[in-house]
Amino acid sequence: MTLIRPQTGWQAIGFQELWKYRELLYFLTWRDVKVRYKQTVLGAAWAVLQPALMMLVFSIFFGRLAKVDTGGLPYPLFVFAGLLPWTFFATAVSNAGNSVVGSERLITKVYFPRLIIPFASVAAAVFDLLVAFSMLAVLMLWYRVPATWGLLIAPGLLTLLLLTALGGGALLAALNVAYRDFRYVIPFLVQLWMFATPTIYMHIAAGAERSSIVSDWLLYANPLTGLIAAFRASVLGTPVSLAALAWSAGAAVVMFAVGCLYFRRVEDSFADII
Amino acid sequence: MPQPAISIRNLGKRYRLSHSGQRAGYRTLRESLSRAATAPLRRLRGQRGETSEEFWALENVSFDVRPTEVLGVIGRNGAGKSTLLKILSRITKPTAGEVALRGRVGSLLEVGTGFHPELTGKENIFLNGAILGMSRREILDKFDAIVDFAGTERFLDTPVKHYSSGMSMRLAFAVAAQLEPELLLIDEVLAVGDGDFQKKCLGRMGDLATAGRTLVFVSHNLTAVRTLCQTAVWLERGRVKMHGHVNDVVNGYIESAECLASQRVWDSVEAAPGNELLRLHRVCVAPSGSSPAKSISVDTPIDIDFELWNLTSQATLNLSLVLYSLEGTCIFNSIAPAATVGRGLFRGRCHVPGNLLNDGVYSIRLLAAKDQASVIFDMSDLATFEVHDVERPILWFGKLVGAVRPQLDWQVGPLGTESPRG
């Protein structure tokens with residue numbers, strides 16, 4: 001029996017129902033992936049090309065001209081190992097942020113757990129991530145960087161990154177419904193976030209003196225700092241900063257919970273105001 | 001006595017209206033921030049924060065639906081029919097009361113929800129099926145039946161964007177037709193599509209009804225409601241006006257003339273229906289040269305008047321009148337010759353001769369096209385009027401069938417001197 005009652009306030013995330021609707025999640029993800037690759041001439045190559053081109057640009061400007069300290073690693077490999085998780089996160093969060101507003105027809109005509117919508121957008125970005133991994137493998141072979149045991153923790157790190165993206169995506173998606181001009185804020189936020197994350201530079205340059213307390217604090221507070229640095233370290237076989245990682249892991253779980261709970265709290269109004 | 005499949009108790013749904021009288025929708029961050037910034041100032045001036053009004057789309061609605069019952073929901077536009085269906089299908093939450101549903105629920109508020117033009121027919125079948133709540137297994141099992149029903153087998157691997165609208169509609173309905181929940185909620189999906197398609201839909205719903213499913217069917221199409229449903233609920237301004245046997249309720253609805261409004265006037269330009277180009281001031285249906293209060297018979301010539309505000313400087317407009325029967329059948333569409341009107345009020349009058357319309361209840365839709373190019377105004381159900389039957393000089397008292405009832409020239413007489421096999 002299903003009971004329909006007025007509801008206000010906080011709701012549980014409802015994992016059970018999400019699990020029940022997992023096939024819908026699968027189909028929506030599959031649709032996103034398929035449509036994206038059908039609409040472009042290059043198809044799945046985009047998933048590789050986007051970080052690859054960014055790598056090229058950053059390699060020229062930061063690697064060659066600015067000579068950013070990478071701790072002795074080849075800059076292209078260094079920057080790609082950071083861009084890979086970052087591109088995933090940025091794509092996932094911005095697509096998820098616009099997903100609910102873009103699914104007006106679904107929301108006003110069919111019932112299903114609404115969290116499925118931003119989750120499917122994030123899942124579609126996971127697909128791109130997997131494709132882009134092949135490029136990383138090629139780069140590692142090219143620069144003869146051997147795979148180490150550290151690589152084994154990469155899936156765990158990506159899971160934490162996924163949690164952060166799910167939470168952030170759900171939060172932005174919900175805000176986007178309530179405040180329709182939020183979509184102009186999202187790209188700006190993502191851009192800012194990128195510079196606050198050590199993707200194209202190293203967050204603690206070995207032996208370098210601390211330049212500014214504020215920017216340092218911001219870097220550490222950013223939950224992505226630890227994850228992306230740890231991912232790079234695990235792939236390239238350099239030591240992982242456990243303290244930063246622990247903070248990021250905690251932040252990922254909190255971000256997931258806060259994003260999903262806020263989404264659940266306001267989702268009942270979606271059909272009325274969208 | 002088995003437990004009801006659906007029991008609705010004191011159900012209510014409140015919407016907030018914004019100042020312009022429309023439903024309060026999303027806000028913008030910019031507005032909210034500037035509101036928050038100026039809030040202390042407003043408090044100093046003694047103004048209250050929000051001035052939105054409330055509106056109950058549904059209020060105190062209670063009724064039960066037995067298992068295997070087929071229930072029709074009727075009422076005017078804005079009576080709360082769609083809101084009720086949206087609550088039952090869990091798309092929106094009620095503000096008060098509760099609903100208990102027993103059994104697996106499927107809802108069909110639209111045909112083809114989630115269809116993506118870039119995907120092929122086959123891919124859309126799976127996507128749409130999943131959206132309607134079918135499992136992969138179920139869709140695989142019913143795949144052949146779906147393709148059969150739609151009759152689009154040759155185009156399964158063609159993207160739906162290359163389909164004609166009729167074809168994609170057939171495919172969409174074929175998926176929906178395979179939905180076999182215990183409780184099915186259906187909204188006016190029949191309003192779209194051609195006559196054949198509507199017949200197919202009605203047939204499928206009839207099958208489900210005979211198969212012992214519980215159906216809730218919202219429609220303007222009183223004939224369809226009468227044919228399909230055993231019981232009906234008539235909603236009026238968000239409340240249950242009548243609930244009972246379908247014929248009683250539908251007859252009550254028609255007789256109440258609740259559906260009738262032969263004249264409607266909007267006094268303020270701001271509140272009138274329309275847009276920034278054109279707004280409606282008055283609609284009136286009356287016997288020619290008489291007041292709208294006078295009744296209209298089959299042989300009465302009628303004038304349908306529209307008075308509109310033209311809000312642009314000067315425009316060349318074509319008014320277009322579409323007349324529908326209460327069952328939703330389009331009777332005719334008549335387009336006025338282009339006319340140039342200046343800013344301000346103007347009138348359009350359409351004269352409908354006597355002995356054209358059959359007896360029945362009709363509703364009016366008005367469209368306006370600018371520069372013979374773009375439709376700038378399109379509103380349905382502007383007025384509803386009834387045409388009464390007259391005493392006929394022939395010995396036939398049943399209802400004459402047909403959308404119209406023109407008086408045509410007949411000549412009947414002996415053929416001459418020759419008689420067969422004389």
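The values are calculated or read from the model by the stated rules, or taken from the named source; none is laboratory data. Computed from a predicted model, the values in this text were never measured in an experiment. Ideal geometry is used to build each Cβ from the backbone, glycine not excepted, and the neighbour counts take in all protein chains shown.
Scan the stretch A:153-194 residue by residue and report those that are closer than 18 Å to residue A:235 by Cβ and in contact (Cβ under 8 Å) with a residue 40 or more places away in the chain. Don't jump to the end; show me each part of the working.
Of the stretch A:153-194, the ones closer than 18 Å to residue A:235 by Cβ are A:153-162.
Listed by number, the residues that qualify are A:153, A:154, A:157, A:158, A:160, A:161, A:162.
If you check residue A:84 against the conditions, is it crowded, with 18+ Cβ neighbours inside 10 Å, within 14 Å of another protein chain (Cβ to nearest Cβ) and part of a helix (DSSP H, G or I)? Quick ask: steps written out before the conclusion?
Working: crowded, with 18+ Cβ neighbours inside 10 Å: yes; within 14 Å of another protein chain (Cβ to nearest Cβ): no; part of a helix (DSSP H, G or I): yes.
When the stated conditions are applied, residue A:84 does not pass them.
Being buried (at least 18 other Cβ atoms within 10 Å of the Cβ) and either at pLDDT 90 or above or within 14 Å of chain B (Cβ to nearest Cβ) (or both) is true for just one of A:257, A:252. Which residue is that? Just one listed residue meets the conditions, A:252.
Scanning the stretch A:173-188 for residues that are surrounded by fewer than 16 Cβ atoms within 10 Å (Cβ to Cβ) and either closer than 17 Å to residue A:107 by Cβ or at pLDDT 85 or above (or both) yields A:184, A:185, A:187, A:188. Filter the stretch A:13-40 down to residues that are touching a helix residue (DSSP H, G or I) at 6+ places or on another chain (Cβ under 7 Å) and among the aromatic types (Phe, Trp, Tyr) and give me whichever is nearest to the other protein chains (Cβ to nearest Cβ). Looking at residues that are touching a helix residue (DSSP H, G or I) at 6+ places or on another chain (Cβ under 7 Å) and among the aromatic types (Phe, Trp, Tyr), I get A:27.
What number of residues within the stretch B:113-141 satisfy the criterion of being away from chain A (no Cβ under 13 Å) and within 31 Å of the chain's Cα centre (by Cα)? Quick ask: steps written out before the conclusion?
First, the residues of the stretch B:113-141 that are away from chain A (no Cβ under 13 Å): B:121, B:141.
Narrowing the set further to residues that are within 31 Å of the chain's Cα centre (by Cα) leaves B:121.
Residues flagged as away from chain A (no Cβ under 13 Å) and within 31 Å of the chain's Cα centre (by Cα) within the stretch B:113-141 amount to 1.
Is it fair to say residue B:250 is assigned to a strand (DSSP E or B), buried (at least 17 other Cβ atoms within 10 Å of the Cβ) and at pLDDT 80 or above? Answer is no for this residue.
The sole residue among B:308, B:278, B:345 that is crowded, with 16+ Cβ neighbours inside 10 Å and modelled with pLDDT of 90 or more is B:308.
Within the stretch B:261-277, which residues are outside any loop (DSSP other than H, G, I, E, B) and among the small types (Gly, Ala, Ser)?
As a first pass, look at the stretch B:261-277 and keep what is outside any loop (DSSP other than H, G, I, E, B): B:261, B:263-265, B:274.
Answer for the stretch B:261-277, where residues must be outside any loop (DSSP other than H, G, I, E, B) and among the small types (Gly, Ala, Ser): B:261, B:274.
The rows are residues; the columns are (1) out of contact with any His (no Cβ under 9 Å at 6 or more places or on another chain); (2) over 30 Å from residue B:106 (Cα atoms); (3) within 14 Å of chain B (Cβ to nearest Cβ); (4) assigned to a helix (DSSP H, G or I).
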{"position": "A:42", "(1), (2), (3), (4)": "yes, yes, no, no"}
{"position": "A:54", "(1), (2), (3), (4)": "yes, yes, no, yes"}
{"position": "A:108", "(1), (2), (3), (4)": "yes, no, yes, yes"}
{"position": "A:111", "(1), (2), (3), (4)": "yes, no, yes, no"}
{"position": "A:120", "(1), (2), (3), (4)": "yes, no, yes, yes"}
{"position": "A:125", "(1), (2), (3), (4)": "yes, yes, no, yes"}
{"position": "A:138", "(1), (2), (3), (4)": "yes, yes, no, yes"}
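Residue pairs whose Cβ atoms lie under 7 Å apart, separated by 6 or more positions or on different chains, with the first residue in the stretch A:1-12 and at the interface with another protein chain (Cβ under 9 Å from one of its Cβ atoms) and the second part of a loop (DSSP other than H, G, I, E, B), are A:1/B:102; A:4/B:90; A:4/B:94; A:6/B:93; A:6/B:94; A:6/B:95; A:7/B:93.
Here is the figure for the stretch A:68-116: residues that are closer than 17 Å to residue A:185 by Cβ and more than 19 Å from the chain's Cα centre (by Cα) total 2.
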